[in-house]
Amino acid sequence: MAIKSKSRQKKFDTRIDFTPMVDMNMLLITFFMLCTTMIKSQTLQIALPSNEKVENEQKNKVKESEAITIIIDGKLDEKTGLAKPDEGMLYYYDGKPETANLAQGESNMKQAEFGSKAGAYDAIRGILQERNKEVVLKVNDLKKKWKDMGFSNNEEKNDSIYQAERKKVMNDSTLKRPVVIIKATPNASYANVVSVLDEMQINSINRYQIDRMNEVDSAMMIMLQGKNLKK
């Protein structure tokens, strides 16, 4: 008697065709590219000076009583020849430079040494605060109100109102505000210049500019340096 073989089920290979998915992926990519907003590059806005001539030159003039000039002079490292970021000298004078008696060693320029222990930035800060006293007092009152959430119970709204009110005070032309002219010698380091610019923000001064040294400034500095060496 013949033995019947067991029937076997025919197996089929399972295969998934991904060809249609390629078209689907391309459609999705196209959809997201058209509907997605790309990230915009964030750049620092710099107000460049205009080439147009000012018709009325009086607009560029500053009252002598409001002007204060700060000159930054650094000390060079004998080994590297580079400016030391934490050592140097600050020179400053009010209004116009007084050079009538420069030959006799007299001028209105003063100096203050700065460094880790000298505290010259504290000295210049006191001078700037005295010149900008009216603005500083009003800004301090606003800052106290801001800390106490006096503008709004909402933190974001409180900050927004404070910044707007502070800007109004700093731009108030009825208040006595100084105009600071910042100059730097070739020996001054970048860190020194940044520290002086920080003082403008600390003392709520929004009228300042960076200018170049001139022959009068250099002559006054040399005279003052020689005068101090004789002491």
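No value in this document is a laboratory result; all are computed from the given coordinates. This one's a predicted model, so the numbers in the text were calculated from it and none came from an experiment. Here Cβ is always computed from backbone atoms with ideal geometry, including for glycine, and neighbour counts include all displayed protein chains.
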Discussion item. So, in region 179-221, how many residues would count as being polar (S, T, N, Q), touching a residue at least 12 places away in the same chain (Cβ under 8 Å) and either more than 15 Å from residue 73 (Cα to Cα) or touching a helix residue (DSSP H, G or I) at 6+ places or on another chain (Cβ under 9 Å) (or both)?
Written reply: 6
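Yes/no matrix, rows are residues, columns are (1) aromatic (Phe, Trp, Tyr); (2) within 25 Å of residue 68 (Cα to Cα); (3) surrounded by 13 or more Cβ atoms within 10 Å (Cβ to Cβ):
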residue	(1), (2), (3)
135	no, yes, yes
140	no, yes, no
151	yes, no, yes
158	no, no, yes
173	no, yes, no
190	yes, yes, no
193	no, yes, yes
207	no, yes, yes
215	no, yes, no
Fill in: Matching option when the condition is closer than 30 Å to residue 134 by Cβ, assigned to a loop (DSSP other than H, G, I, E, B) and basic (Lys, Arg), among 177, 166
177
Discussion item. What's the total number of residues in region 135-178 that are touching a residue at least 40 places away in the same chain (Cβ under 8 Å), farther than 10 Å from residue 204 by Cβ and out of contact with any strand residue (DSSP E or B) (no Cβ under 6 Å at 6 or more places or on another chain)?
Written reply: 2
